[in-house]
Amino acid sequence: MKRGWMVGAGMVIWGLVLLSAAGGEVWGAEPLTYLDLIGRLTDMEHLAVLPAEGEKCQQWSSYDRASRYDETTGGYINWSANGDGNGIIRKEGNVQVFAEIEGPGVIWRTWSALAKDGHVKVYLDGASEPAIDLPFIGWFNRRNAPFVHESLVHMTAQGQNNYVPIPFQKSCRITGEGDWGAYYHFTYTTYPKGTKLPTFSMKLGEAETAALAKAAEMLANCGQDPAGRRQGQQTIRGGMQVGPGQMVTVAEIAGTRAITGMWVSMELPEDEEQARDVLRELTLSIYWDGQERPSVWSPLGDFFGTAAGANRYKSLPLGVTEDGFYCYWYMPFKDGAVVKVGNDGDVARRVRFRITHAPLTRPTETLGRFHAKWHRDAFLPADEARRAIDWTMLKTQGRGRFCGVMLHVWNPRGGWWGEGDEKFFVDGEKFPSTFGTGSEDYFGYAWCNPQLFENCYHNQTISMGNRGHVSVNRWHITDNVPFQRSFEAAIEKYYPNSRPTLYAAIPYWYQAAGQADAYEAAPVTQRKGYWEPIVVKTVKGALEGEKLKVLSRTGGGTTAQDMTNFGEDWSGQAHLWWTQGKVGDKLELAVPVGKTAAYRLKMNLTKAVDYGIVQLYLDGRKLGEPVDLYNNGVVPTGEMDFGVVELTEGEHTLTVEIVGANEKAIKAYMFGLDYLLLREVSDAFYLPEDPKYSIIESARDSVRFAISTLMPRKGHLFCKSSFVDCEGNVMGWHDFGNLEGPGWAANAVGGAHEMFEFGRYVGDEQICAKATAVLDHVLTEGFIDWETGFITGYRETTTDTFCLNYQHKNNWFCAGSMAKIAYQLLLFGDVLDETRRAKAYEAAIKNAKWIDDNLEMAPNGWFPRRSERSGKAYPKNAYGDNDILFEGSADGLFIIQLWVGLTQRGLGEYRDKIREKADVFMKAGGIFGSINHDTYDRHENVAYSVAFRVLRQAGKLLKDEAMERFAYEKCLAGLDRFKMNEDRNGVATRGLLYMEDSWDTSYMWENAEAALAYLEGYSDTGDERYRLWGLTILRAAAKHHHGDMGFLTEGVDWNNHVGQEHHFGGALYGDIKYTEPLLNNIHIVEPTLLAVK
């Protein structure tokens, strides 16, 4: 099966432009009104107008002022300095000065990563009162006119953007006061003297307000030609077969005209990797005015602003839709144009084009020629300091305008690739007039966020969670950068190609006719085949050498060394590297031990031609004989066994002493430690009861905190937020923050049921009443479609609107998690009065029927992880990339659980369906991929717990011993891999289970589910181990309450996965300072009540 593609194009002319006889654009013969400036927001044709002398685009930002150019020596100092959050011009008392600009000019773009409530003020044209005086967050929250239109003012992947033009005639001064936040960009154009511009006011006139709204609406609906049909416009249509090695002419246009739009469609292979290759094998070349070398050359796919592959998005100049690719760059020419497509692949491809062209509306001598050139690592800086960090996006000589860039990053090892700042050098500048604060900041987002987004001027079209392909673009439509003699755009690149982290880019710019650029076409061998995935392997449980604390050393220095270039046999692809030592020197490392026990000690070291002979000690005791680390080549020793050692809880000392070197060795006496591994000799997954704080008291505190978050609504109660801190404050910055309802993260039905059961247990009718009030809210508020049975998971509390998923969107939902709500209604209904029971049962019955009637299965016969509202399978992940767990998530187990529950109660007959899907699950060897909607691991601990509980129930119902045996031997036993038998990094993790290998934080609802599984296993078998393991988990969880209100953390981040800014007290490792009141906070109640029974 193949995908079909088609595409679109166009341009708009807004504002007043006057031309001199010499062909330069004249500013000042007539004033530029605010309406003219609004017009520039969508005017693609103006970009082609060659800039007048004196027209400049520059940027004030918070970049690290330690970076500087020394005019005396001609050297670049601290050129990679990275403290980019708070750079300013100077302080005047308590006022921070951000920008000082001499007019006439316009601020076109304002950006921040962390705008707060402190005021940022703009003083224009010498006025003593600011034209803008707002909390910095007020620039971006769309609550202050005219900063109210989402296409112009928006947050994308945590980046705050404002594209409303702010003109001034004489001067502009921008200051910050109070806690305004961190990080800023103010991108502005200044014009030649004599240009007349208005002074900006927040109170726009009626005409300006209407024009801004019209432009914003146009920008919100990209993909259409903003210019409409032009006078004299003509269209070329055609399709051609391009054979291997061929270059085919698509269009030849005679005379003086401009290409105003281009659409491309073609059939691509269904296989995503093959499609990526095809779009790099095909090339686009465009020639102006009879030139021999093209001004436009690019792989066909990349030209349209995204790579690798056809990643759908819409922006003003470029986009990819379900119909194909479109381009609206305005491309004028004087003596004809030729468009060609080449094929460097092995298979013939059919490509369909539609090209529109129209007469010029300006004299040809005033217009530049459009250029776009794809490259990898072309024209890197010659200066050594710059070459070490700056990666060239564009370097050209001549006169023109820089209009944007698409950057493709291949980052297979993950990690944050985009720490580097953009730097624009105009007309021979030694220090750039645009100096940014980070790659993602330049592209309009922030904080390394992998969330896909699309906007008129900037887009992230693929990210793969920053591990794999990343593609971002930025279009300088209003904030284009004029140059008269030369232009260089660079962006800092921290990760080296050898890692590998590899960049490819296609810049877009205009340049005067007859001025050729220096870029050559890249061979197909450079364009494809370089993105081979790299999996970074780690040894589970190992203490990575490069992460051990150095206590002391008598000589030399230590650092973490990336071992990627030497193979894949080092855990984490790195080791601790000790260099410049000499015989007799000692290195002491801290070895943290979580509990008193006997351990088998193992280590993996590094051998090489310049490594020494070392004697190892633990707490002063020799570990065997000296180890000779000489080898003619860099290799690991392999895991070395140093026997059993008895260690007490706390910090121990590993000592490395250099005692010599092999006679063949280069006498550099180096040492490398990959990892140290302590394996406890016996099972240690056990905690005793705390006599001062029982698991019942722990459950009581969780219930108390949950109740504190309830609020009245229409005679019922609801939880004010799915994500709060220990004082119950709503964390509105988080996806979960402004959500409530029965969905996965909010868990209103499940949480209310546990609250109700606890109230029954302690005999507190008020608790029970509050719990039923929450249930009544769910039953009556509109979450349940009583006609069809469909259950919507969330209500957005700030807008009072419903949504299907935690991202506040309606593009997907998880059917298994919906079925879980229905099953929770069955459980709650069992203990309710007759009226409520009937409603709860009715909802569960109808929900199961909706699933039967509508849910499309995955190709392997299992339930899809995500589905559209219609029931059609949705193969993407939450960020829009292909989901590796599309047919491999354990979320579908909840549907089987619902069927079992209905059949057990005589409310339906699902035995055949239960057996069918259970067979699919077991024949696959178990499907244990992430149930959590925002993680992506094929082995998640809660998947094993849920699988055990569901198959145990199903096996009993079906009287299927093999199914029950599978539940115990494959599912319950599978939890062993996640057990933490010790406290890690000084955090109370002993007795808890970590979530999954790729996200090893320990979350409370998953631990509660594991406790349920073990306790249910005990109730079946009487196996004392299961009871103790279940109790151990609950006792371990009880250690993680905080504050006076009973708050139980959502998770224990012993490995700093979520970031220390989200930990209590800013600790490097520790409890997360937020929770989900009716999920992570309260789910310990159900296993606790089962335990005390």
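None of the figures in this text is laboratory data; all of them are computed from the coordinates on show. No experiment lies behind these values; they were computed from the predicted model shown. Note: ideal-geometry Cβ built from the backbone for every residue, glycine included; neighbour counts use all protein chains shown.
Each peptide in 800-807, 671-678 gets a packing score, the mean of other Cβ atoms within 10 Å over its residues, and the list from highest to lowest is 671-678, 800-807. Listed by chain and number, the lysines placed with their C-alpha closer than 20 angstrom to that of residue 720 are 770, 809, 1073; residues fewer than eight positions away on the same chain are left out. The value given for the chain is a Kirkwood hydrodynamic radius of 32.3 Å, derived from the mean inverse Cα-Cα separation.
Between helix 911-923 and the chain there is an angle of about 70 degrees, using the helix long axis and the longest principal axis of the Cα atoms.
Our analysis of region 481-544 gives Rg over Rh at 1.16, with the two radii drawn from alpha carbon positions and Rh computed by the Kirkwood formula. A simple rule links phi to the HN-Hα coupling: the Karplus curve 6.51 cos²θ - 1.76 cosθ + 1.60 with θ = phi - 60°, which for region 247-263 gives 10, 10, 7, 8, 8, 10, 10, 8, x, 10, 8, 9, 6, 10, x, 8, 10 Hz, with x for Gly and Pro. Taking packing as the residue-averaged number of other Cβ atoms within 10 angstrom, the listed peptides 741-749, 548-556 run from highest to lowest as 741-749, 548-556.
If you filter region 904-938 for trypsin sites (Lys or Arg not before Pro), then keep DSSP loop positions with at most 15 other Cβ within 10 Å, what is left?
905
To the nearest ten degrees, helix 748-762 and the longest principal axis of the Cα atoms of the chain are 30 degrees apart.
Taking a ≥ b ≥ c as the square roots of the Cα gyration tensor eigenvalues, region 333-436 comes out oblate, since a/c reaches at least 1.5 and a/b does not exceed b/c. Taking only the C-alpha atoms of region 543-680, the Rg (one decimal) and the largest Cα-Cα distance, Dmax (whole number), read 14.1, 43 Å.
With each label modelled as a point 7 angstrom along the Cα→C-beta vector, the residue 835-residue 802 pair spans 2.2 nm.
Straight-line cross-link partners of residue 334 among the aspartates and glutamates, defined as a Cα under 20 Å from its Cα and at least 8 positions apart when in the same chain: 25, 45, 252, 289, 292, 365, 517.
Among the GluC sites (Glu not before Pro) within region 33-62, those in coil by DSSP and having at most 14 neighbouring Cβ atoms inside 10 Å are 53. So which of 56/373; 820/846; 314/395 end up more than 25 Å apart by C-alpha? As for pairs spanning more than 25 Å Cα to Cα, those are 314/395.
Nearest 500 deg cm²/dmol is fine: what mean residue ellipticity at 222 nm does the chain get from its DSSP H runs of n ≥ 4 alone, each adding -39,500 (n - 2.57), divided by its residue count?
Rounded to the nearest 500, the figure is -6000 deg cm²/dmol.
3J(HN,Hα) along region 868-878: 7, 4, 6, x, 5, 4, 10, x, 8, 8, 5 Hz, from the Karplus curve 6.51 cos²θ - 1.76 cosθ + 1.60 with θ = phi - 60°, whole Hz, x for Gly and Pro.
Within straight-line reach of residue 582, meaning a Cα separation under 26 Å, sit the following lysines at least 8 residues removed in sequence or on another chain: 547, 549, 602, 607, 622, 664, 667.
Annotation for region 1056-1093 versus region 288-335: alpha-carbon center distance of 50 Å. Counting only alpha carbon atoms, the long axis of helix 834-854 and the longest principal axis of the chain meet at about 50°. Coupling constants for region 337-345 follow from the phi torsions by the Karplus curve (6.51 cos²θ - 1.76 cosθ + 1.60, θ = phi - 60°), and in residue order they are 9, 10, 10, 10, 10, x, 10, 9, x Hz; glycine and proline get x.
Quick check: net charge around residue 509, other residues with Cβ under 12 Å of its Cβ, Lys/Arg +1 and Asp/Glu -1? Result for the neighbourhood of residue 509: +3. Using the Stokes-Einstein relation with a Kirkwood hydrodynamic radius computed over Cα pairs, the translational diffusion coefficient of region 55-218 at 10 °C and a viscosity of 1.306 mPa s comes to 95 µm²/s. Computed extension length for residue 659-residue 554: 36.4 nm, one decimal, from 0.36 nm per residue of separation with the Cα-Cα distance subtracted. Summing +1 for each Lys or Arg and -1 for each Asp or Glu among the other residues whose beta-carbon sits under 11 angstrom from that of residue 573 gives -3.
Working note: Debye formula, equal point scatterers on the alpha-carbon atoms of region 609-706, no solvent; log10 I(q)/I(0) at q = 0.11, 0.14, 0.24 Å⁻¹ is -0.54, -0.68, -1.28.
Evaluating kT/(6 pi eta Rh) at 20 °C and 1.002 mPa s, with the Kirkwood radius of region 695-1092 over Cα pairs in the Stokes-Einstein relation, gives 103 µm² s⁻¹. Taking Lys and Arg as +1 and Asp and Glu as -1, the other residues whose beta-carbon sits under 9 Å from that of residue 237 total +2.
Using the Stokes-Einstein relation with a Kirkwood hydrodynamic radius computed over Cα pairs, the translational diffusion coefficient of region 792-930 at 10 °C and a viscosity of 1.306 mPa s comes to 101 µm²/s.
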